[in-house]
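Novice: This is the structure I have questions about; it appears just below.
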Amino acid sequence: MSNQLELFQKKYKKWNNEIKSSKERDFDFDTLSGESQDPCYFPSNPSNDYLEKLGFPGQFPFTRGIHSNLYRGKLWTMRQFAGFGTPKETNKRFKQLLKKGQTGLSVAYDMPTLMGYDPDHPLSKGEIGKCGVSVFSLPEMQKLFQDINLNEITVSQTINGPAIILLAFYIAAGEEQGIPPSQLKGTLQNDILKEFTAQKEWVFPPEPSMRLITDMLSYCTKFMPYYNTISISGYHIREAGSTAVQELAFTLADGFTYLDYGIKAGIDVDEFAPRLSFFFNSHLDFFEEIAKFRAARRIWAKRLKLKYKAKNEKSWKLRFHTQTAGCSLTAQQPENNIARTGFQALAAVLGGTQSLHTNAMDETLALPTEKSAEIALRTQQLIAYETGTANVVDPLGGSWYLEHLTDKIEHDVENYFSEIEKLGGVIPAIENGFFQREISRSASEYQAKVDSVKRIVVGVNKFMDKSDEIDIPLLNLNEDAGLNQIKQLKILKKKRSQTNVNSILEQITNTCKNGDNLMPFIIAAAKVGGIVSNVKSKDKFLYENIQIQNNLIHGSYLSGIKNLILLGSSCIYPKNCRQPMKEKYLLTGQLEETNDAYSIAKIAGLKMCEYYSKKYRLNYKSFMPPNLYGPNDNYDLINSHFFPALIRKIHFAKINNKKNLIIWGSGKAKRELMFVEDFADALVFFMNKKIKQPFLNIGTGKDYTINWYANFLMKKMNIKLKIKYDKSKPDGMLKKCLDISLAKEYGWRPRGDINKAFELTYKDFLKK
């Protein structure tokens with residue numbers, strides 16, 4: 001037995017074991033005649049290059065698919081592209097499609113959204129909600145997915161230039177549903193390179209655009225493990241007039257560029273490559289399209305393994321979404337488009353797509369009606385359940401013609417890679433106009449063939465009927481959608497705090513300059529947190545904090561831990577608490593409304609420590625500090641405590657020659673501050689001490705007004721600003737000063753030198 005045959009049998013055994021252990025749909029996979037079918041078919045006498053070129057499904061080089069059992073295990077996601085008018089109208093269409101059996105959502109945004117314009121911008125006039133849905137804020141994103149559980153459905157978003165903003169809205173909308181970013185599933189197109197090549201919907205030049213993309217890559221790799229950060233799109237390249245080879249070559253070249261930038265940003269290739277996905281066009285040359293999809297998988301797998309040295313097999317697997325060719329649809333005899341779409345969808349399925357959108361017959365005339373959208377969805381369902389196509393993995397594999405086409409496409413794509421490399425890579429090739437010229441040439445050649453009737457388009461240049469009239473119903477858009485969205489924008493601007501807006505925009509501007517990751521700040525801008533977040537997200541604050549505490553305290557008990565310190569907050573005391581606040585004043589009055597959820601959670605943790613200590617004879621203690629400050633604070637303008645936020649505000653006012661300092665509330669509220677190192681010393685002091693009380697206050701026993709702190713900082717930072725007050729923001733408790741007499745009885749004394757503490761804090765801030 002030859003070594004090649006031995007290896008073939010070894011690989012076959014591995015594949016067969018995977019099939020046996022994998023889940024299978026509850027479905028009859030026999031032919032209509034009742035003949036049973038194997039999951040996949042192979043040559044009895046494999047050629048010497050069989051394993052190199054084809055292999056087994058789910059095995060390198062993945063020519064025959066990325067899953068061992070493909071659709072016998074799970075059908076592709078039926079993901080119809082939809083969006084028009086207002087978020088409320090599109091939400092209704094989403095629910096209709098889901099009710100009819102669609103298994104994923106795909107959002108089409110209108111032109112103003114795609115270009116980053118608000119509805120009231122002059123360039124938005126006449127375009128709001130026309131070719132997609134208008135989304136300009138978090139409330140609008142929430143309306144879009146109202147009553148749709150983002151934990152159960154995957155969502156694809158076609159957005160590129162402002163992708164980072166729409167992703168932030170989506171993350172915030174998920175959090176409002178109680179779904180953290182780590183659980184969100186879906187895909188963001190976010191492919192800016194093809195915009196310069198084909199679609200032309202870009203906001204920033206290539207390099208700044210790539211900065212945004214790498215920031216999203218880094219963030220999602222760390223915090224969103226189930227989310228596809230980029231869907232690298234060949235679809236629009238093909239729609240612009242490219243050939244199948246050009247579509248594949250230019251798309252994969254873009255993909256390799258994103259890999260290069262991600263690696264350059266310090267991300268390990270195996271950490272982010274598995275979450276890259278692709279988006280291809282399925283055109284009318286049936287066998288060429290199937291071969292294109294198979295060649296794509298093989299090229300990607302070989303490059304990732306051999307050039308990029310990826311070790312994780314998931315990095316080698318090219319996953320892709322497919323949309324049938326919009327450019328192939330005709331306004332003449334539009335009913336013919338149903339058949340065109342069916343052939344294209346079948347090619348995508350035979351090519352092993354992971355998700356699919358089928359175009360509607362009326363899309364050259366208007367946005368799809370509910371009925372035409374249903375027919376397009378039913379086309380997929382017919383292929384899935386009635387044709388037998390999904391019963392076998394890669395049923396055309398081994399066809400002499402198909403394998404020839406696959407090899408030829410791979411060869412021609414590699415030739416294009418060589419040309420792109422000679423030009424210095426993708427971005428220089430874009431700037432040189434190489435891609436654009438190649439696509440233009442191909443589009444021109446195709447149209448010449450159509451014009452000369454060497455390429456027949458049924459109903460357009462052959463089999464025409466001059467009496468043909470369009471007799472299908474068309475979707476009538478709500479002409480008031482634009483006015484409605486402008487109205488909603490005005491309401492939003494009236495309700496929100498402009499000071500808040502200005503603060504976070506300043507922070508984003510500074511982050512653009514210092515090179516930090518922009519994603520957290522864009523998310524903050526989407527939802528604008530701080531005190532406002534406390535008020536709006538009480539459920540989240542209460543749930544998350546109680547969950548953390550319960551897990552920590554009970555887990556410590558189960559693990560046999562005898563000593564535990566829980567850190568609370570001075571926020572636990574009543575709103576109108578007597579001053580200074582003694583431990584015995586707990587639960588003697590109403591809590592401050594702006595942070596009552598947070599306070600309740602802290603009180604619950606304190607009480608759990610008290611009850612566990614009594615019942616199980618443990619030393620679980622709680623300590624209540626005032627506002628803490630010091631090195632390693634986030635100095636966030638929105639989300640940090642007032643003192644580090646003031647440091648940042650005053651510093652940037654100084655370097656930018658500002659004249660005013662904005663303070664939330666009246667400035668008359670008094671606060672007690674404690675340097676973080678002093679508090680740490682106190683914890684060390686009490687670590688092994690037995691205390692009689694369930695909790696102790698740890699502070700300085702001194703408080704000052706917000707105005708006092710502002711003037712202190714301005715003096716220390718050598719700047720004089722005019723203080724202005726944003727009275728749209730609450731003061732919170734007017735006075736919060738801790739009584740530390742019980743702590744002193746144990747021999748502890750606060751140190752507290754605010755001058756030295758400020759110097760250390762400010763020095764730390766300047767490093768960031």
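The values are calculated or read from the model by the stated rules, or taken from the named source; none is laboratory data. Only a predicted model underlies this, so the values are computations on that prediction, with no experimental measurement involved. Every residue, glycine among them, receives a Cβ derived from its backbone with ideal geometry; neighbour counts consider all protein chains shown.
Novice: Inspect all residues belonging to the stretch 479-493 and state whether any of them is in a loop (DSSP other than H, G, I, E, B), under 33 Å from the mean Cα position of the chain (by Cα) and within 30 Å of Gln333 (Cα to Cα).
Specialist: Looking for residues that are in a loop (DSSP other than H, G, I, E, B), under 33 Å from the mean Cα position of the chain (by Cα) and within 30 Å of Gln333 (Cα to Cα), one finds at least one in the stretch 479-493, hence yes.
Novice: When you check Gln323 against the structure, is it under 30 Å from the mean Cα position of the chain (by Cα), under 27 Å from Asn69 (Cα atoms) and in a strand (DSSP E or B), yes or no?
Specialist: yes
Novice: Right, another one. Based on this model, can you work out whether Asp26 counts as touching a residue at least 24 places away in the same chain (Cβ under 8 Å) and farther than 19 Å from Leu5 by Cα?
Specialist: So Asp26 does not fit the description; no.
Novice: Please enumerate the residues belonging to the stretch 673-725 that are of a type in the set (Lys, Arg) and over 21 Å from Tyr585 (Cβ atoms).
Specialist: Within the stretch 673-725, Lys689, Lys690, Lys715, Lys716, Lys720, Lys722, Lys724 meet the criteria.
Novice: Evaluate the following for Gly568: is it over 25 Å from the mean Cα position of the chain (by Cα), surrounded by fewer than 16 Cβ atoms within 10 Å (Cβ to Cβ), in the same structural domain as Arg648 (by TED's automatic domain parsing) and of a type in the set (Gly, Ala, Ser)?
Specialist: Taking the combined requirement at face value, the residue does not satisfy it.
Novice: Would it be correct to say that Phe293 is outside any helix (DSSP H, G or I), among the hydrophobic types (A, V, I, L, M, F, W, C) and in contact (Cβ under 8 Å) with a residue 24 or more places away in the chain?
Specialist: Considered against the rule, which asks whether it is outside any helix (DSSP H, G or I), among the hydrophobic types (A, V, I, L, M, F, W, C) and in contact (Cβ under 8 Å) with a residue 24 or more places away in the chain, Phe293 comes out as no.
Novice: Something else now. Would you please name the residue that is farthest from the chain's Cα centre (by Cα), looking only at residues in the stretch 223-260 that are among the aromatic types (Phe, Trp, Tyr) and within 30 Å of Ile153 (Cβ to Cβ)?
Specialist: So the residue we want is Tyr235.
Novice: Can you name the condition, by its number, that Asp764 falls short on among (1) assigned to a strand (DSSP E or B); (2) over 26 Å from Lys584 (Cβ atoms); (3) touching a Pro at 6+ places or on another chain (Cβ under 6 Å)?
Specialist: Unmet condition: (1).
Novice: Hey, among Lys756, Lys729, Lys689, which residue is part of a helix (DSSP H, G or I), modelled with pLDDT under 90 and in contact with a strand residue (DSSP E or B) (Cβ under 9 Å, 6 or more places away or on another chain)?
Specialist: Going through Lys756, Lys729, Lys689 in turn, just one is part of a helix (DSSP H, G or I), modelled with pLDDT under 90 and in contact with a strand residue (DSSP E or B) (Cβ under 9 Å, 6 or more places away or on another chain): Lys756.
Novice: Restricting attention to the stretch 25-40, does a residue exist that is part of a loop (DSSP other than H, G, I, E, B) and under 17 Å from Leu54 (Cα atoms)?
Specialist: Yes, the stretch 25-40 has at least one match.
Novice: Here is a further query. Would you mind telling me which numbered condition in (1) farther than 24 Å from Thr324 by Cβ; (2) touching a residue at least 40 places away in the same chain (Cβ under 8 Å) Met361 fails?
Specialist: That leaves (1) as the condition not met.
Novice: Can you go through Thr221, Thr214, Thr229, Thr251 and tell me which one is free of Cβ contacts under 8 Å to residues at least 60 places away in the same chain and in contact with an Asp or Glu (Cβ under 6 Å, 6 or more places away or on another chain)?
Specialist: Thr221
Table: residues versus (1) closer than 22 Å to Pro61 by Cα; (2) not β-branched (Val, Ile, Thr).
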site	(1), (2)
Ala390	yes, yes
Pro395	yes, yes
Asp407	yes, yes
Val426	no, no
Ala443	no, yes
Ala448	no, yes
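Novice: Identify the residue in the stretch 698-720 that is outside any loop (DSSP other than H, G, I, E, B) and touching a Lys or Arg at 6+ places or on another chain (Cβ under 8 Å) and, among all such residues, is nearest to Lys744 (Cα to Cα).
Specialist: The selected residue is Tyr704.
Novice: Which pairs have Cβ atoms under 6 Å, sit 6 or more apart or on different chains, and link a residue in the stretch 526-555 that is charged (D, E, K, R) to one that is modelled with pLDDT of 75 or more and part of a helix (DSSP H, G or I)?
Specialist: Going by the 6 Å Cβ cut-off, the qualifying pairs are Lys527/Leu138; Lys527/Ala172; Lys538/Ala597.
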